[in-house]
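Only one structure is covered here, and it is reproduced in the block below.
The values are calculated or read from the model by the stated rules, or taken from the named source; none is laboratory data. On a predicted model such as this, the values are computed, not experimentally measured, just so you know. Cβ placement follows ideal geometry from the backbone for every residue including glycine, while neighbour counts extend to all protein chains displayed.
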Amino acid sequence: GVRNAEVRGSNPLASTTQRSGRSAHSSDAPDDGLIATPEGVEAVAEAIRAAGAFTLDLEFVPENRYVPELGLVQVGWDGGAGAEALEVAAIDPLVVDPSPVLELVGDPAIETITHAAQGDLVILAHRFSVRARSLWDTQIAAAFLGYGDQIGYAPLVESVIGMRLEKGSQYTEWLRRPLTDQQLSYALDDVRYLGTIRERQHAALDADGRLQAVIEECDRLAETAASRPPPEEAYRRVKGWSSLRSRPLGALRQLAAWREREARRANRPPARVLNDRSLLELARAAPVSDDGLRAVRGVDGGLVRRHGDALIRAIREGRDDPPERDQARKPLPPQGEVWAAALHGLVRARSLGASVAPRFVGPRSDIEAVVRWWIEGDRDTLPDLPLLTGWRGDLVGDAIVSWLRGEAALVVDADSPGGIDLQPR
């Protein structure tokens, strides 16, 4: 759940502004600096529990896999004796189970500090059944402090701390052993400075009243990454799905669900099982034989031999049971499209004026939801929509409603960061 902002006021990670030597390094760490024994992992977990917070980064290999393969776990924590006591460690998940450390991500009493954690959180959820409970993502926090959307770790470290990081090992094959000293140093730098950045971000956000918004967005990221939509919803991720009529759409839903299950089973990207264009064509053509399947581009003989019966069954069952059309996904009427475009500009302008990355304020789907309410709903009752509630409601929701009600007009404002603003009528 959303964490209480006041609980986050003190940072148990020591602030450090200098490059300290690699310290991992308990007596259980081998000569190459990698912790590779259960005793070493448990010692790190115990130290983190005592500190109450830790920095985390995972190195992984995503290519040709449904869930990326974990190659290295890096953590940092306060050793308890001031700025010189920042401890960092690298755990080798190829030879020892890192679960005792990774499970701490799910402990609400221990803060996990990360940067751009989406990929890491997916691995934690799908490979270790861990959902982050007290997450601080420095990339999200930076987006609320005028750094723009998705700033990289190295430029953030340079901006906040003044340390220029080497990025020469960025594309290391993290499943290959042994790792070099340079690769380990690169990996450990990814957790060495996160505590200091978090501390300074927290203070700045607390001062300008945005701390709770960042906490909510970090928790939203944790929830999204840990969720795994049912295979029956996978068709909505197929490019071009919304163009299909009812029965072909039913076929696509079953075909995409089959592909999703097969991708999970084989640990392959869905597109490597069968690409989107072939799925769409199968849904449209609705073949009923192996020859009909082979006539579709991208469906080779091997796939037909292994899965032909399953594909034909999916097409038949899907056409017999098409999904109901989601009313929220109907195109807006022309008037609504114009309103949505205007509101998109207003949301973006308000976001830029507040030094918040617009992506976190209102995607187009949220803007369209407001327009649908205005067209179809009770205008006298504000609905529980993201743009109209919480911190978004304070930032843009009141302005949106004022504009829709004709109480204010959009005007050009060359002096504002967003270029437009509202003026009362």
Working only within the range 89-128, note down all residues that are touching an Asp or Glu at 6+ places or on another chain (Cβ under 6 Å) and over 22 Å from Gln139 (Cα atoms). Pro100
Checking Ser242 against (1) assigned to a helix (DSSP H, G or I); (2) crowded, with 21+ Cβ neighbours inside 10 Å; (3) modelled with pLDDT under 95, the condition it does not meet: (2)
Output for Cβ contacts, cut-off 9 Å, separation at least six or different chains, first residue closer than 20 Å to Asp320 by Cβ and in contact (Cβ under 8 Å) with a residue 60 or more places away in the chain in the range 278-298, second assigned to a helix (DSSP H, G or I) and hydroxyl-bearing (Ser, Thr, Tyr), reads none
Specify which of the listed residues (Ala207, Ala222) is in the same structural domain as Tyr66 (by TED's automatic domain parsing) and buried (at least 22 other Cβ atoms within 10 Å of the Cβ). Ala222
How many residues of the range 302-342 are out of contact with any Gly (no Cβ under 8 Å at 6 or more places or on another chain) and closer than 30 Å to Ile375 by Cα? The answer is 19
Go through (1) without any contact (Cβ under 8 Å) to a residue 12 or more places away in the chain; (2) not in a helix (DSSP H, G or I) one by one and return the number of the condition Arg265 breaks. (2)
For the range 176-195, indicate whether the set of residues that are in the same structural domain as Glu59 (by TED's automatic domain parsing), of a type in the set (D, E, K, R), surrounded by fewer than 17 Cβ atoms within 10 Å (Cβ to Cβ) and touching a residue at least 60 places away in the same chain (Cβ under 8 Å) is non-empty. yes
Return the only residue of Ala141, Ala89, Ala117 being surrounded by 23 or more Cβ atoms within 10 Å (Cβ to Cβ) and closer than 23 Å to Pro178 by Cα. Ala89
Look at Val288 and say whether it is modelled with pLDDT of 95 or more, of a type in the set (A, V, I, L, M), in a loop (DSSP other than H, G, I, E, B) and loosely packed, with under 12 Cβ neighbours inside 10 Å. yes
Only one residue in Ser365, Ser355, Ser351 is over 27 Å from Leu249 (Cβ atoms), surrounded by fewer than 16 Cβ atoms within 10 Å (Cβ to Cβ) and within 28 Å of the chain's Cα centre (by Cα), so which one is that? Ser355
Taking Leu255, is it buried (at least 19 other Cβ atoms within 10 Å of the Cβ) and within 20 Å of Pro230 (Cβ to Cβ)? yes
Testing Arg319 on (1) exposed (fewer than 15 other Cβ atoms within 10 Å of the Cβ); (2) basic (Lys, Arg); (3) touching a residue at least 12 places away in the same chain (Cβ under 8 Å); (4) closer than 24 Å to Leu249 by Cβ, one condition comes back false. Which one is that? (1)
Selection from the range 384-399 of residues that are more than 24 Å from Leu145 (Cβ to Cβ) and touching a residue at least 12 places away in the same chain (Cβ under 8 Å): Leu385, Leu388
Options Leu388, Leu422, Leu332: the member that is among the hydrophobic types (A, V, I, L, M, F, W, C), more than 30 Å from Val288 (Cα to Cα) and at pLDDT 95 or above: Leu388
Taking the conditions exactly as written (at pLDDT 95 or above and assigned to a loop (DSSP other than H, G, I, E, B)), does Leu165 satisfy them or not? no
